[in-house]
Amino acid sequence: MIKAIAMLLALISSTLISAGPYWDHSIKIDDPKLTVKEAAQQCHKSLINAPELLEAWCEKAYEMGYWSALVPISLHTGDGTRLVAEAKERLKNKEPGAYTTLAWLYGSGQFVKKDIAKAIALREELLVLDKSFTPNQIAANHMKLADLYIQERNWKKVAIHAKHVLKHTQSNFQKKYAKRQLESAERHLSSNEL
């Protein structure tokens with residue numbers, strides 16, 4: 001359960017930051033003027049501020065079109081059936097969120113059998129999608145690929161992806177993280193060559 005909560009927080013951290021830290025009591029779930037953004041923010045905020053309302057707010061956000069609300073619902077209930085099915089369906093339309101969600105699920109073994117090769121394949125496919133990704137989004141995907149290759153102990157691939165992050169990101173966090181990945185890869189590569 002702790003592992004699931006940690007994964008959820010990592011997956012939705014940018015949403016939590018944009019949503020703000022406090023529960024907004026003025027937003028009502030049955031307000032006819034409620035927006036998808038407000039419902040999604042309440043869904044994510046409920047994780048910390050009102051867990052007893054998580055399912056209601058996340059279901060509302062999902063009904064309004066925010067399919068990522070299935071992530072907190074699944075982790076809260078322990079049943080990822082709907083999340084996996086929705087992500088697989090959306091993968092057919094080449095939606096980036098479906099790739100990242102399924103890669104996370106297969107990489108972690110959450111709600112599906114752990115399959116690092118499948119997680120890598122999904123992240124590699126994401127890199128070649130014809131979408132407008134920012135350099136930091138591309139770098140984040142390379143960072144995740146390096147993490148997956150660490151699990152496979154494929155140090156050459158770790159180095160390739162970490163170098164890409166270092167060359168292209170503007171995020172200090174990503175630079176520091178990729179530097180650690182690259183240092184680890186270089187240590188393993190040099191020790192294997194002796």
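Here are the numbers for this structure:
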| quantity | calculated |
| --- | --- |
| Nearest-ten-degree value, helix 172-193 long axis tilted from longest Cα axis of the chain | 40 |
| At most 16 other Cβ within 10 Å, DSSP loop - trypsin sites (Lys or Arg not before Pro), the stretch 95-129 | Lys113, Lys114 |
| Listed candidates [x] 1.02; [y] 1.18; [z] 1.11 - label of the one calculated as Rg/Rh (Cα atoms, Kirkwood Rh) | [x] |
| Full-extension gain in nm, Glu95 to Leu129, via 0.36 nm per residue minus C-alpha separation | 11.3 nm |
| Kirkwood-based Rg to Rh ratio, the stretch 117-194, C-alpha trace | 0.99 |
| Helix axis angle, 155-168 relative to the chain longest principal axis, alpha carbon, degrees | 60 |
| Restraint check, Lys28/Lys92; Lys114/Lys156; Lys33/Lys131; Lys37/Lys113; Lys28/Lys131, Cα-Cα greater than 29 Å | Lys28/Lys92; Lys33/Lys131; Lys37/Lys113; Lys28/Lys131 |
| Crossing angle, helix 2-11 versus the chain [Cα axis fit, 0-90 degrees, rounded to tens] | 90 |
| Förster-model FRET efficiency, 35 Å R0, Ser108 and Ser26, C-beta, rounded to 0.05 | 0.45 |
| Rel. contact order, % - alpha carbon contacts under 8 angstrom, at least six apart, the stretch 115-170 | 39 |
| Charge dipole (debye, nearest 20) of the chain; +1 at Cβ of Lys and Arg, -1 at Cβ of Asp and Glu | 800 |
| Exposure ranking of Thr169, Thr134 by accessible area [1.4 Å probe, largest first] | Thr134, Thr169 |
| Per residue, in Å², the accessible surface of the chain once ligands and nucleic acids are set aside, probe 1.4 Å | 57 |
| Among Tyr106, Ala56, His142 the positive-end extreme of the charge dipole of the stretch 49-194 (Cβ point charges) | His142 |
| Packing rank of 56-63, 125-132, where each peptide gets the mean count of other beta carbons within 10 Å, highest leading | 56-63, 125-132 |
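The values are calculated or read from the model by the stated rules, or taken from the named source; none is laboratory data. For clarity, every value in this text was computed on a predicted model and none was experimentally measured. Backbone-built Cβ (ideal geometry, glycine too); neighbour counts: all protein chains shown. For the accessible areas, the whole protein counts, side chains as well, though only heavy atoms, and no ligand, DNA or RNA atoms are used. Shrake-Rupley method; radii C 1.70, N 1.55, O 1.52, S 1.80 Å.
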